[in-house]
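The structure appears below as structure tokens.
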Amino acid sequence: MAHLIMADQNRSSSAASKRILERAYALKTPDEAKALYGDWAVSYDQHLEQGLNYIAPACIAQILDNVLADRTASILDIGCGTGLVGAYLVGHGYSAIDGLDFSAEMLNQARSKQIYQKLLPGDLNTVLDIPDQTYDAGISCGTFTHGHVKADALDEILRVLKPGACFACTIHREVWQSAGFDSKFAQLMASGVAELESMNEQPFYENAPDDGRFCVIRRL
Ligand SMILES: C[S@@+](CC[C@H](N)C(=O)[O-])C[C@H]1O[C@@H](n2cnc3c(N)ncnc32)[C@H](O)[C@@H]1O
């Protein structure tokens, strides 16, 4: 009987997770996104990890690990949310990790995990309160997606990275063109601001079709 109750609970948790993901993919504006994450912060990890088998944080942390040998490197986790990516980075042996997010509720969840040295409130669609050339690397997972961040945020992200630093990020396939990431990448490469290290299409969720791009760009 206990296993039937568990199976039932898992099914309803998975259905709730799918409903909230549909809400996330229907977002049109950053204000709508902020409201969603305010509501979602406490149950986010459970919905993403147990309900949806979210593998993107593990994958992007591995991709950064492939290009960043220095375990003492300072890393900014951009759109850090509750800290899923930070936890994988710690698993790879990094320790100098800061997180940035515009949702106070998501930052509170991240704070409780004691992964990050600093947690910075900040909106990626504005100028960030971070000096030029601060970080040895950047990482971002699930933040370049529907109604979240404009492609011009890449200028600001690259500004706070040191020359030679890598930025590993996911970009959802449905915003790659519509939010201008394709042309922004082309512009950054053509102007000599950054170079493309790698780009692959992969699933964000276990056993799903390819949800988007996993990219590494290097600031020149
Ligand atoms: C799908 S969650 C991803 C969180 C975490 N990186 C992960 O993979 O679990 C997207 C995160 O981006 C943040 N975010 C969305 N738009 C933002 C913006 N304009 N500025 C800063 N953070 C933003 C949200 O608050 C949320 O925590």
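The values are calculated or read from the model by the stated rules, or taken from the named source; none is laboratory data. Treat the numbers as computed from the prediction; the structure is a model and nothing was measured. Cβ coordinates were reconstructed from backbone atoms using ideal geometry, including for glycine residues, and neighbour counts include every protein chain displayed. Note: accessible area is taken over every heavy atom of the protein model, side chains too, but ligands, DNA and RNA are not part of it. Shrake-Rupley method; radii C 1.70, N 1.55, O 1.52, S 1.80 Å.
State the number of residues belonging to segment 190-207 that are without any contact (Cβ under 8 Å) to a residue 24 or more places away in the chain and either in a loop (DSSP other than H, G, I, E, B) or among the aromatic types (Phe, Trp, Tyr) (or both).
Residues meeting the conditions: 1.
Output the number of residues of segment 51-62 satisfying the condition of being touching a residue at least 40 places away in the same chain (Cβ under 8 Å) and open to solvent by less than 30 Å² (accessible area, probe 1.4 Å).
6
Can you list residue pairs whose Cβ atoms sit under 7 Å apart, with the first residue in segment 147-163 being at pLDDT below 95 and the second being acidic (Asp, Glu) and within 13 Å of the ligand (Cβ to nearest atom)? Count only pairs 6 or more apart in sequence or on different chains.
Gly147/Glu32
Which one of Ala73, Ala137 is surrounded by 23 or more Cβ atoms within 10 Å (Cβ to Cβ) and small (Gly, Ala, Ser)?
Every option except Ala137 fails the conditions.
Answer yes or no: is there a residue in segment 113-132 that is of a type in the set (Gly, Ala, Ser), farther than 22 Å from Val216 by Cα and either touching a Gly at 6+ places or on another chain (Cβ under 8 Å) or part of a loop (DSSP other than H, G, I, E, B) (or both).
yes
Within the group Thr82, Thr145, which residue is touching a strand residue (DSSP E or B) at 6+ places or on another chain (Cβ under 6 Å) and buried (at least 17 other Cβ atoms within 10 Å of the Cβ)?
Checking each option against the conditions leaves just Thr145.
Taking segment 105-127 as the search range and keeping residues that are within 9 Å of the ligand (Cβ to nearest atom) and small (Gly, Ala, Ser), which one is surrounded by the fewest Cβ atoms within 10 Å (Cβ to Cβ)?
Gly122
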